[in-house]
1. Could you say whether any residue in segment 53-63 is at pLDDT 95 or above and closer than 15 Å to PRO6 by Cα?
2. Checking the structure you have, find out if any residue of segment 14-37 is at pLDDT below 95, in a loop (DSSP other than H, G, I, E, B) and over 21 Å from LEU61 (Cβ atoms).
3. For the structure I just gave you, tell me whether ALA72 is within 15 Å of the chain's Cα centre (by Cα) and small (Gly, Ala, Ser).
4. Kindly indicate the residue of segment 38-79 that is in contact with a Pro (Cβ under 7 Å, 6 or more places away or on another chain) and not in a helix (DSSP H, G or I) and also surrounded by the most Cβ atoms within 10 Å (Cβ to Cβ) among those meeting that condition.
Amino acid sequence: MGYQIPPLIGHVAIYFYQQSMTLPDAQTFFQYYEKMNWKTVTGRPHKNWKVLAKDWIYNALQQSKLLERQKAKRAAFPDIEL
């Protein structure tokens, strides 16, 4: 389960599972970077897919926290449009 680019989808799925993420999360990550040919927006190849995955997971968790806060605000103030 090295760092080679492109990784095997199975390796990505295992890594995401180890990080308490779902298989659909792993598939979305993999499909996104497959579409990008595992290159940066400037066309340079990525060197380590686990670094990409770590950032992807961090961003997903931050988005989840934001959505939870927004949901809590709406529940606390149901008559006010936030």
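1. Scanning segment 53-63, I find at least one residue that is at pLDDT 95 or above and closer than 15 Å to PRO6 by Cα, so the answer is yes.
2. No, segment 14-37 has no match at all.
3. Considered against the rule, which asks whether it is within 15 Å of the chain's Cα centre (by Cα) and small (Gly, Ala, Ser), ALA72 comes out as no.
4. Across segment 38-79, the extreme among qualifying residues is TRP38.
The values are calculated or read from the model by the stated rules, or taken from the named source; none is laboratory data. Here the structure is a predicted model, which is why all the values come from computation and not from measurement. Glycine also receives a Cβ, built like all others from the backbone with ideal geometry; neighbour counts cover every protein chain displayed.
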